[in-house]
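One structure is given below, encoded as structure tokens.
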Amino acid sequence: MHKIVSVPNWIRIREEFSILREQAHGRPLIYFDNAATTQKPRAVLDAVRQYYEHDNANVHRGLHTLSARATEAYERARQTVADYIGAAAADEIVFTRGTTESINLVAQAWGGKFLRSADVILLTEMEHHSNLVPWQLLAGRIGATLRFVPVRDDGSLDLDRLSSFLTPEVKLFAFTHVSNSLGTINPIAELCRKAREIGAITVVDAAQSAGHKPVNVQEIGCDFLAFSGHKMCAPTGIGALYGRAEVLNSLPPWHGGGEMIVSVTLEKSSFKKAPHRFEAGTPNIAGAIGLAAAIDYIENIGRAAIFEHDLGLTRYALERFGELPGMRVLGPSGERGAIVGFVMEAAHPHDLTTFADQYGLALRGGHHCNQPLMRRFGVTGTTRASFYFYNTKEEVDGMIEILHKAVKFFQ
Ligand SMILES: Cc1ncc(COP(=O)(O)O)c(C=O)c1O
């Protein structure tokens with residue numbers, strides 16, 4: 001049965017993003033590059049400004065008022081993140097620069113301690129380079145093997161063959177929740193359950209889902225989950241890694257420096273517990289505060305409502321793409337993330353994206369950090385439109401009109 005979600009006032013919400021009133025080449029901006037980064041509402045900008053104007057100081061080490069205020073806000077932000085993704089405790093949240101850094105942390109700290117040369121790391125063919133290259137580096141260093149769950153022609157994972165890939169040598173299974181090129185939504189709870197049956201650690205790349213739909217790590221049953229603030233209304237340079245307490249506490253530090261130690265002699269050091277053990281140096285305090293403000297903002301709208309909105313817009317866009325001749329749309333036809341990747345026979349994605357920009361339409365053209373996936377679909381790149389809750393049907397109509405012009409121009 002479909003859950004009933006109350007409908008937010010999308011028009012009023014859109015007005016809180018003043019950047020959406022910008023023009024590009026003298027035309028009203030249509031911003032459809034949300035999978036790369038989202039725009040920021042006034043509430044987030046205000047939170048960052050408020051912090052710098054009233055509370056700015058370094059965290060944890062200070063005994064003065066501002067330092068106490070900054071520390072309190074920073075640690076409160078950690079609790080906000082924990083609540084947002086259903087973590088059992090704030091200590092399960094490590095602040096990082098984003099998804100990429102979160103995955104590198106796991107690859108280095110977990111991989112360095114637990115991976116052996118006979119072991120296998122299981123990934124999928126649809127991974128973003130940030131969930132591929134760190135594992136390649138790790139496997140290369142240890143001499144371990146990488147294995148990949150194939151992607152079917154319709155953009156879904158070939159789950160019928162999953163059991164044949166999940167053999168006892170697999171020590172870690174890392175996969176994306178939502179594909180940034182295809183929009184595919186993977187059944188991550190099922191993937192985690194199957195991985196657990198063979199004792200493998202699971203890593204979920206939630207870069208394209210954390211701001212778009214409800215995500216609860218305990219329901220998913222993952223060991224690690226990574227996401228980026230800037231893809232969900234928060235500033236750039238801040239993100240998080242969730243690590244299940246038992247696993248996170250078993251990891252050694254990965255970066256050394258201030259903030260992460262208990263005591264230091266010239267010869268050796270002892271380290272704090274998680275999460276501070278993994279946060280060497282001065283953290284992105286304003287970023288964490290901005291992320292907490294973004295989470296409050298998103299929660300106020302409701303992630304279920306955001307998902308419904310995005311889905312409706314994506315379905316509408318897919319329907320209207322049918323009008324455009326010579327257009328190949330990638331990805332599943334059913335429920336999917338707010339991402340439409342397409343290839344126009346007559347134009348290179350870069351040329352099409354540049355053409356669209358002349359009309360004020362921000363798309364993204366290229367391999368989207370998915371080179372192996374592009375190869376799998378026999379293309380060098382795609383053009384991608386990606387939506388968020390502040391986008392409208394009228395903007396989709398605007399895009400289709402511009403793409404009609406492109407079809408005429410490039411034919
Ligand atoms: C699925 C996926 N994973 C990882 C990343 C990397 O995110 P970041 O560059 O914020 O670390 C992205 C960014 O596009 C992504 O779409």
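Rounded, prolate or oblate: which one fits the chain, using the alpha carbon gyration tensor with axes a ≥ b ≥ c (rounded when a/c is under 1.5, else prolate when a/b beats b/c, else oblate)?
Working: a/c = 1.95, a/b = 1.26, b/c = 1.55.
Oblate, because a/c is 1.5 or more while a/b does not exceed b/c.
For the chain, carbon and sulfur atoms together expose 52% of the accessible surface, with a 1.4 angstrom probe and every protein chain in place.
Helical content of the chain, expressed as a calculated mean residue ellipticity at 222 nm, amounts to -10500 deg cm²/dmol (DSSP H runs of 4 or more residues, -39,500 (n - 2.57) each, divided by residue number, nearest 500). Here nothing in the chain passes the span test, since no DSSP H helix has an alpha carbon length of 30 Å or more along the helix axis and a Kyte-Doolittle mean of -1.0 or above. Taking amide H as placed 1.01 Å from N in the peptide plane, the amide H of A24 sits under 5 Å from that of L29, each at least 5 places away or on another chain.
What accessible area per residue comes out for the chain, rounded to a whole number of Å², with a 1.4 Å probe? Kindly include the intermediate steps, with their values, before the conclusion.
On the way: 17580 Å² over 411 residues.
That works out to 43 Å² per residue.
Less than 5 angstrom separates the built amide H of I201 from those of L172, F173, all sequence-distant by 5 or more or on a different chain.
Could you size up the charge dipole of region 261-332 around its Cα centre, putting +1 on the beta carbon of Lys and Arg and -1 on that of Asp and Glu, and report it in debye to the nearest 20?
Working: 8 positive and 8 negative charges, 74 e Å.
The dipole magnitude comes to about 360 debye.
Given the chain, what percent of its DSSP beta bridges are antiparallel, to the nearest 5? Bridges in the chain are about 60 percent antiparallel. For region 248-259, the Karplus equation 6.51 cos²θ - 1.76 cosθ + 1.60, evaluated at θ = phi - 60°, returns couplings of 4, 6, 8, 8, x, x, 10, 10, x, x, x, 6 Hz by residue, with Gly and Pro reported as x. Between H25, G243, S179, the Cα set farthest toward the positive side of the dipole of the chain (charges on each charged residue's Cβ, about the Cα centre) is that of G243. Taking Cα centre as origin and charging only the Cβ of basic (Lys, Arg, +1) and acidic (Asp, Glu, -1) residues, the dipole magnitude of region 192-241 rounds to 100 debye.
Give the peptides 383-390, 324-331, 50-57 in descending order of average Cβ contacts within 10 Å, highest first.
On the way: 383-390: 26.1, 324-331: 16.5, 50-57: 14.2.
The packing order, highest mean first, is 383-390, 324-331, 50-57.
Over region 165-278, what relative contact order in percent results from Cα pairs under 8 Å that are six or more residues apart?
Details: 162 pairs, mean separation 19.7, N = 114.
About 17 percent, as a whole number.
Assign one of three labels to region 198-307, namely rounded, prolate or oblate, based on the Cα gyration tensor with a ≥ b ≥ c the square roots of its eigenvalues; rounded applies when a/c is under 1.5, prolate when it is not and a/b is larger than b/c, and oblate otherwise. Can you show the working numbers first?
Values: a/c = 3.15, a/b = 1.54, b/c = 2.05.
Oblate shape, in that a/c is at least 1.5 and b/c is the bigger or equal ratio.
This model, with +1 at the C-beta of Lys and Arg and -1 at the C-beta of Asp and Glu, gives region 24-69 a dipole about its Cα centre of some 20 debye.
Report the FRET efficiency, 1/(1 + (r/R0)^6), for Q358 and R152, where r is their Cβ-Cβ distance and R0 is 41 Å, rounded to 0.05.
Details: r = 36 Å, r/R0 = 0.89.
Taking R0 as 41 Å, the efficiency between Q358 and R152 is 0.65.
The HN-Hα couplings worked out from phi for region 18-35 by the Karplus form 6.51 cos²θ - 1.76 cosθ + 1.60 (θ = phi - 60°) are 5, 4, 6, 9, 5, 10, 10, 6, x, 10, x, 5, 10, 9, 10, 10, 6, 6 Hz, whole numbers, x standing for Gly and Pro.
Of the residues I261, T38, F377, the one whose Cα sits farthest toward the positive end of the charge dipole of the chain, with +1 on the Cβ of Lys and Arg and -1 on the Cβ of Asp and Glu, is I261. Computed from backbone phi with θ = phi - 60° and the Karplus coefficients 6.51, -1.76 and 1.60, the 3J(HN,Hα) list for region 322-338 is x, 6, 8, x, x, 10, 10, 9, 8, x, x, 8, x, 4, 7, x, 7 Hz; x is used for glycine and proline.
Expected output is a single nm value to one decimal: the length gained when fully extending between Q79 and A189, i.e. 0.36 nm times separation in residues minus the C-alpha distance. What is it?
On the way: separation 110, 0.36 × 110 = 39.60 nm, distance 2.34 nm.
In short, 37.3 nm is gained.
Amide H to amide H distances under 5 Å link S209 with V178, where only residues 5 or more positions off or on other chains count and H is placed in the peptide plane.
With each label modelled as a point 7 angstrom along the Cα→C-beta vector, the H54-R21 pair spans 2.5 nm.
The values are calculated or read from the model by the stated rules, or taken from the named source; none is laboratory data. Everything numeric here is computed off the predicted structure, so don't read it as measured data. Cβ sites come from the backbone with ideal geometry, for glycine too, and all protein chains shown count toward neighbours. Areas reflect the complete protein model, heavy atoms only, side chains present, ligands, DNA and RNA absent. Shrake-Rupley method; radii C 1.70, N 1.55, O 1.52, S 1.80 Å.
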